[in-house]
Amino acid sequence: MPRPIIIAPSILSADFSELGAEIERIDAARCDWVHCDVMDGHFVPNITFGPDILKAVRPRTKKLFDVHLMIAPVDPYIEAFAKAGADLISLHVEAGPHAHRSLKLIRSLGKKAGIVLNPQTSETAIEHLLPFVDLVLVMTISPGFGGQTFESSLLEKIRRIGAMIGDRPVDLEIDGGCTPENAGAIAQAGANVLVAGSAVFKGGPTAYAANIAAIRQAAEDAVGLRA
Ligand code: DX5
Ligand code: ZN
């Protein structure tokens, strides 16, 4: 039985001038998680927000805050994101030499831990980290910006990581360029958590529910999760 499909809108594509209201809207539009992209202008060539903003919007929903850290170094900020209300904190394996230590730190703070791979990073880089993670996130674009095109050559890597995870209680997430058109292939490759920024927020608030439902339906249909 495949794992349930989780749709995680990336608030990178939200209207930042009303971020709290946007989070309430995607919650009402039946998202599962809220994907929060933290960028430092150093690890990636863009800057977004830090723990204070997350803390300010945290009370707007009860849904899981999936915090994707695109920062280096990571360790000095993990506790601040945990205190700000992150439920799951993911860091890039490329962000430093001590991912193992960082993942254990996240778990010691009572949070779920995730490891992220850039498109060019082989799955062997995280093989020995699997006992220490609750989620593997495969980047299907180069991180830094929303609105890029899904790299379909990475479907095979998603498949290999799914096989590597096997029966472990580890979610497999993809991030970048997900749409209703490719969500089926993504789910078939073994991903169960689908991040989508532009495909959720396009068309404005009245379209959010239909946008989320379209991605969910395509993914669920592809893996036989709909009767
Ligand atoms: C990019 C971020 C993604 C991005 C996805 O670095 O990690 O979460 O916002 O946006 P779309 O779905 O538009 O590719
Ligand atoms: Zn992300």
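The values are calculated or read from the model by the stated rules, or taken from the named source; none is laboratory data. None of the values given here were measured: they were computed from a predicted structure. Ideal geometry is used to build each Cβ from the backbone, glycine not excepted, and the neighbour counts take in all protein chains shown. SASA here: full protein model, heavy atoms, side chains in, ligands and nucleic acids out. Shrake-Rupley method; radii C 1.70, N 1.55, O 1.52, S 1.80 Å.
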Just to be sure I understand the model, the point goes 7 Å from the Cα along the line to the Cβ. What's the resulting GLN188 to LYS62 distance in nm? 3.7 nm
Rolling a 1.4 angstrom probe over the protein heavy atoms, how many square angstrom per residue are accessible across segment 1-144? 43 Å²
Global geometry of segment 1-55, whether rounded, prolate or oblate, following the gyration tensor of its Cα atoms and the 1.5 cut on a/c: oblate
Looking only at the chain, where both bridge partners belong to it, what percent of the DSSP beta bridges are antiparallel (to the nearest 5)? 5 percent
Distribution of pairwise C-alpha distances over segment 110-168, 10 Å bins, in %: 21, 52, 25, 2
Evaluated at 10 °C with a viscosity of 1.306 mPa s, what Stokes-Einstein diffusion coefficient in µm²/s does segment 155-199 have when Rh comes from the Kirkwood expression over alpha-carbon pairs? 148 µm²/s
Calculate the length of the line joining the C-alpha centroid of segment 111-150 to that of segment 197-225, in whole Å. 22 Å
Zone residues, segment 56-92, relative to LEU129, backbone N less than 15 Å from point 7 Å out along Cα-to-Cβ: 67-76, 78, 89-92
Set the Förster distance to 22 Å, then compute FRET efficiency between ARG3 and SER142 from the Cβ-Cβ distance, nearest 0.05. 0.25
Go through 101-109, 65-73 and give me the packing order, highest mean Cβ count within 10 Å leading. 65-73, 101-109
From phi via Karplus (6.51, -1.76, 1.60), per-residue ³J(HN,Hα) for segment 129-143 in Hz, x at Gly/Pro: 9, 4, x, 10, 10, 9, 7, 10, 10, 9, 6, 10, 8, 7, x
For the chain, which whole percent of the accessible surface, found with a 1.4 angstrom probe, sits on carbon and sulfur atoms? 53 percent
Kindly rank 208-221, 116-129 from highest to lowest mean number of other beta carbons found within 10 Å of each residue. 208-221, 116-129
Helical contribution to [θ] at 222 nm, DSSP H n ≥ 4, -39,500 (n - 2.57), averaged over the chain, rounded to 500: -9500 deg cm²/dmol
For HIS98 and HIS42 in one chain, what is 0.36 nm times their gap in residues minus the Cα-Cα distance, to one decimal in nm? 18.4 nm
Rounded to whole Å, sorted largest first: equivalent-ellipsoid semi-axes of segment 1-131, Cα gyration tensor: 24, 17, 15
At a Förster radius of 30 Å, what calculated FRET efficiency corresponds to the Cβ-Cβ distance of SER153 and ASP75, to the nearest 0.05? 0.40
